[in-house]
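A quick write-up on the structure given underneath.
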Amino acid sequence: MSCVLRKGGIGVSDDEEVLEQIALVLDVIKFHESEFSDVKVPRKAAMGHVLHVIRQQLRLSKEASFVLIDLGEAIRNSATRDEVEMLINGTLFQETHVWNSCLQAL
């Protein structure tokens with residue numbers, strides 16, 4: 001899943017297929033968001049990938065923002081310092097939609 005989010009799809013060249021793959025991975029993360037309350041899940045990596053989508057895939061940034069906000073909600077009781085720092089650092093990006101999503105996730 002991380003390859004799809006970071007590289008913009010696997011084995012596809014059409015932009016629509018890339019967006020479909022990324023949207024599918026975001027749906028999977030959203031469906032399993034309750035699992036992110038467990039510290040054993042790679043939450044920081046998942047949030048980093050979602051942040052990458054928010055910054056790079058403008059057509060999916062709204063959906064990815066909702067996923068990031070939901071992840072923030074899922075980790076609120078057990079967030080590590082690194083996870084909180086990642087969201088705080090996200091507020092420093094120039095793109096308003098990125099820092100707005102990070103603020104809402106916090």
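Scanning the range 39-73 for residues that are assigned to a helix (DSSP H, G or I), of a type in the set (A, V, I, L, M, F, W, C) and open to solvent by 40 Å² or more (accessible area, probe 1.4 Å) gives ALA45, LEU58, PHE66. Check the range 16-24 and report whether any residue there is out of contact with any Leu (no Cβ under 9 Å at 6 or more places or on another chain), open to solvent by 50 Å² or more (accessible area, probe 1.4 Å), on the phi > 0 side of the Ramachandran plot and without any contact (Cβ under 8 Å) to a residue 12 or more places away in the chain. Among the residues of the range 16-24, not one is out of contact with any Leu (no Cβ under 9 Å at 6 or more places or on another chain), open to solvent by 50 Å² or more (accessible area, probe 1.4 Å), on the phi > 0 side of the Ramachandran plot and without any contact (Cβ under 8 Å) to a residue 12 or more places away in the chain, which makes the answer no.
What residue, among those in the range 74-100 that are in a helix (DSSP H, G or I), charged (D, E, K, R) and in contact (Cβ under 8 Å) with a residue 12 or more places away in the chain, is most open to solvent (accessible area, probe 1.4 Å)? By that ranking, first place goes to ASP82. Among the criteria (1) farther than 19 Å from TRP99 by Cβ; (2) touching a helix residue (DSSP H, G or I) at 6+ places or on another chain (Cβ under 7 Å), the one ARG55 does not fulfil is (1). If the condition is being under 18 Å from ALA79 (Cβ atoms) and either in contact with a strand residue (DSSP E or B) (Cβ under 7 Å, 6 or more places away or on another chain) or surrounded by 15 or more Cβ atoms within 10 Å (Cβ to Cβ) (or both), then the range 25-36 contributes ILE29, GLU33, PHE36.
Taking the conditions (1) free of Cβ contacts under 8 Å to residues at least 24 places away in the same chain; (2) under 22 Å from GLN104 (Cβ atoms); (3) not aliphatic (A, V, I, L, M) in turn, PHE36 satisfies each one other than (1).
The values are calculated or read from the model by the stated rules, or taken from the named source; none is laboratory data. Worth saying up front: this structure is predicted, and the values here are computed from it rather than measured. Counting neighbours? That spans all protein chains shown, and the Cβs are built from the backbone with ideal geometry, glycine included. When the accessible area is computed, the model is the full protein with side chains, heavy atoms only, and any ligands, DNA or RNA have been set aside. Shrake-Rupley method; radii C 1.70, N 1.55, O 1.52, S 1.80 Å.
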